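Any read-out appearing in this document is the output of simple, stated calculations on the displayed coordinates, not a laboratory observation. Note that the coordinates shown come from a computational prediction; the quantities given were computed from them, not determined experimentally. All Cβ positions, even for glycine, are placed from backbone atoms using ideal geometry, and neighbour counts span all protein chains on display.
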Amino acid sequence: MHSCQVIRTHSCGVLKPTNDWGKPTLGHVRMFKIRHEGLRREVSVLTLDELLLMGAAKQADIPDLIDPALVTFSSDRGMMAVGFEEIDGQRFYQGWWIQWIDRGPD
């Protein structure tokens, strides 16, 4: 499985300056569909499983990206996905800058 690093580009829906995007979270991204009762429809979800020591993983501390859309893609640089996240019952626009990382042979 390929690993990546995810950087959130917004804070509560407001774009952060590129020099203040913060530390990336390392892990594996997955996309799936769920029934979202608040929206009363099925939605796509992009989630990040954070990598831990010795191959373990857990749900990352960052909120899932709901209704993700791929904005940019470059196989040698990364990709930008946008959607919204839910924090304390409110929805905020969010972007994930995703870059693949080389972790060596598994």
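What the table below lists for this structure:
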quantity	calculated
Among 65-75, 31-41, the order from most to least packed when residues are scored by Cβ within 10 Å on average	65-75, 31-41
Net charge, GLU85 excluded, C-beta distance under 9 Å - Lys, Arg +1, Asp, Glu -1	0
Coarse-grained scattering of the chain at q = 0.15 Å⁻¹, given as base-10 log I(q)/I(0) from a Debye sum over alpha-carbon atoms	-0.65
